[in-house]
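What follows is a short report on a single structure.
The values are calculated or read from the model by the stated rules, or taken from the named source; none is laboratory data. This is a predicted model, so every value here is computed, not measured. For neighbour counting, all protein chains shown are included, and Cβ atoms are generated from backbone atoms with ideal geometry for every residue, glycine included. For the accessible areas, the whole protein counts, side chains as well, though only heavy atoms, and no ligand, DNA or RNA atoms are used. Shrake-Rupley method; radii C 1.70, N 1.55, O 1.52, S 1.80 Å.
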Amino acid sequence: MISKAKIAGLFILVLAGASIGGCGGGSGGGDSGGDSSSGSDIELPPLFGLPQLSGLDGDAGNQDILYFSGSYEEGGSTVSSLYGLSPANPGSVFQQHLNTVEQDNPRTPQELAEALYRPLYESEIDPDDKSVLGYRVSDVVFGHNREAGNATSEGFARASTDGLLSDQKGERVSSESYANVPDLNDGNPVLWENYVDADQAEISYGRGSSIARVRMNYAADDFARFFPNTIIKNIVPFFNVGSDQDRHNYLALRSDESTQCGGYFVTRASASTGSSGSFVDNSLPDGLEAIDAVAVGEPLADGTRYLVINVRNQADCTAEATLWRFVPSDPYATALTQVLNDDDEPIVFPTAIGGVPYVPQDRHLARQGNVLYFGVTFPMDDGPQLLYRIEDGNWTSFPGLEQNLGYETGFLIADGTRVAASVGNEVVSWDLEGNDRQILDESPLGLFEYGITSEVLGSRDGWIFYNRENNEGQITAVAMKVDGSDSLEISDAQWSGASGTGSGESIGQVTELSEVFFWRGEDIGAVSAADPAAGLVLLGKLDSVPDDVVMYGLAPGPHRLVQVFPAGQDDGRVYYLNTRNTNSLRALAVGSPIGHQRPVDGF
């Protein structure tokens, strides 16, 4: 055990299956989509060493509207619109009448596609054990400043995934100005999700020197509400599902005259009624104040949240970023405690300029019940690191230092009985206590090169999915059991993403996979996550070999959207596919100019 663990790198990936290349243009072939069955009576020749299937079953059966954005430059401006399509008729694309035109110092099409659109999720949550079913996108919240392309309109809007596509014309949410709409995929706005009622979701964001909030059930003429000027930042919401009294309470940073080192107190900010207020208590121990605080992932099954707080000791104003545990259901005075090991030592995190701590990214976080696993890495960090296990406010580290997880490429996954991670150029697994280290696979690439990558953040029945590169640049899509008992490889291919079942132990653990997608040259296909060796379905063929094929998050199938980057191009193109039917891949026509297309996260 290394005391006062100085973290050099962390990152979690809940499963492997990366997108390292693959871009394409080209039209897709295929049928009209719908929810037709796989047609297993059709015999097809083997492909890439696997049986070829006419379709996959076992998906989540989702039939909701799918959304993507289209953005392009025109006459010195950048235009961006939200498009929807129904799985019942994927050949017909519907454009929202609320869109965006940026004229003064416009952002690029790629930047607007990232910044303007964000999903809102709903699910069924068991009131007793907090398990989740039917996790899906219920709405897309987006920024806009035009109506029908010409008339000025302002601020936030939302579009539903339910009902007839022609009815989803977008509804304005509040009278907020577009100039104040934050980057919706940035860390600055806190999206308070209500996972059983998206109408109660809320965005809180910086507006000038204040924190504003907009709830998704606000009418078009409702003003944004404000927290008191003493509230500097909302860190995390108390609850994502709860009574009206619990809703819209945040753990927050608050300025106070009694701070002595230029920091803030940690308090509760309330926005549960028409007025906003804060509790004056400091949740930190006496003599401490915070420079900044950042959440680590989503809640665990028992509602616990972990935070990295950069605290200053008022005795000498020295600063140290460490891990803290926040239990919203505990009495407020004891809800926030520092995470220590058996020797009462904290985990110490590196910080960036301004005191912002580096925290584990989602791909370097794994959860198993109420246990959190992670590693910490940051840009330009290639050094060795520890992996951590956190339970009930106590931390331990896996024995010994491991090679770096890889800031943009690595993964950490927990699947029932073992934890797996990419460490340097090896895939390694341990038991749930962090012992019994077992090397599952390795790439021959040298030090500071990452030959193991993944974008498949989940697992199924012990299977994880990742890409392995060799010294000749050949990439192989690998499916591996976390105990090493079985594996499967597709040469010259790479995993690009996955669909999920929408089920999990808690809202932070919805990582069970149903289908995993790959591309190989011009071909795009999928396998069953539960039984990848059973065969593949060839979803379609692109006109040419792409630079990259990308998917954005787990979503319930069988209907999905995939982004293809044609060779040598910066603009992505969105394709529809249906894993129940072979040759279902089709490009989505939006008229001219096509510009840069991108699926909204969660589709």
Given the criteria in contact (Cβ under 8 Å) with a residue 12 or more places away in the chain and surrounded by fewer than 23 Cβ atoms within 10 Å (Cβ to Cβ), does VAL101 qualify? yes
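In the range 257-367, which strands (runs of 3 or more DSSP E) lie fully inside it and hold 1 or more residues that are charged (D, E, K, R) and without any contact (Cβ under 8 Å) to a residue 60 or more places away in the chain?
Working: elements: 265-270, 288-296, 305-313, 319-326, 336-338.
Output list reads 288-296, 305-313, 319-326.
This table checks each residue for (1) in a loop (DSSP other than H, G, I, E, B); (2) open to solvent by 30 Å² or more (accessible area, probe 1.4 Å); (3) under 20 Å from LEU307 (Cα atoms); (4) among the polar types (S, T, N, Q).
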| position | (1), (2), (3), (4) |
| --- | --- |
| PHE378 | yes, yes, yes, no |
| THR396 | no, yes, yes, yes |
| GLY406 | yes, no, no, no |
| GLY410 | yes, no, no, no |
| SER422 | no, no, no, yes |
| VAL428 | no, no, no, no |
Going through the range 430-445 one residue at a time, which ones are polar (S, T, N, Q) and assigned to a strand (DSSP E or B)? GLN438
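Suppose the filter is farther than 30 Å from PRO532 by Cα and crowded, with 20+ Cβ neighbours inside 10 Å; does LEU85 pass it? If you could, list the steps in order and put the result at the bottom.
Numbers: farther than 30 Å from PRO532 by Cα: no; crowded, with 20+ Cβ neighbours inside 10 Å: yes.
When the stated conditions are applied, LEU85 does not pass them.
Within the range 221-232, identify whether any single residue is among the hydrophobic types (A, V, I, L, M, F, W, C), surrounded by fewer than 16 Cβ atoms within 10 Å (Cβ to Cβ), in contact (Cβ under 8 Å) with a residue 12 or more places away in the chain and out of contact with any Leu (no Cβ under 7 Å at 6 or more places or on another chain), and answer yes or no.
Checking the range 221-232: at least one residue is among the hydrophobic types (A, V, I, L, M, F, W, C), surrounded by fewer than 16 Cβ atoms within 10 Å (Cβ to Cβ), in contact (Cβ under 8 Å) with a residue 12 or more places away in the chain and out of contact with any Leu (no Cβ under 7 Å at 6 or more places or on another chain).
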Please work out which one of (1) in contact (Cβ under 8 Å) with a residue 12 or more places away in the chain; (2) part of a strand (DSSP E or B) is the condition THR152 fails and give its number. (1)
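Is at least one residue of the range 211-224 part of a loop (DSSP other than H, G, I, E, B), in contact with a Phe, Trp or Tyr (Cβ under 6 Å, 6 or more places away or on another chain) and closer than 29 Å to ILE291 by Cβ? I'd like the intermediate steps shown before the answer.
Filtering the range 211-224 down to residues part of a loop (DSSP other than H, G, I, E, B) leaves 216-224.
Of the ones still in play, those that are also in contact with a Phe, Trp or Tyr (Cβ under 6 Å, 6 or more places away or on another chain) are none.
There is no residue in the range 211-224 that is part of a loop (DSSP other than H, G, I, E, B), in contact with a Phe, Trp or Tyr (Cβ under 6 Å, 6 or more places away or on another chain) and closer than 29 Å to ILE291 by Cβ.
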Any residue at all in the range 515-533 that's modelled with pLDDT of 95 or more, surrounded by 24 or more Cβ atoms within 10 Å (Cβ to Cβ) and charged (D, E, K, R)? yes
Of (1) open to solvent by 30 Å² or more (accessible area, probe 1.4 Å); (2) of a type in the set (S, T, N, Q); (3) farther than 21 Å from SER86 by Cα; (4) out of contact with any Phe, Trp or Tyr (no Cβ under 9 Å at 6 or more places or on another chain), GLN509 satisfies all except one. Which? (1)
Say we look at the range 168-220 and pick out the residues that are open to solvent by less than 10 Å² (accessible area, probe 1.4 Å) and among the aromatic types (Phe, Trp, Tyr); which of these is nearest to TYR250 (Cα to Cα)? TRP192
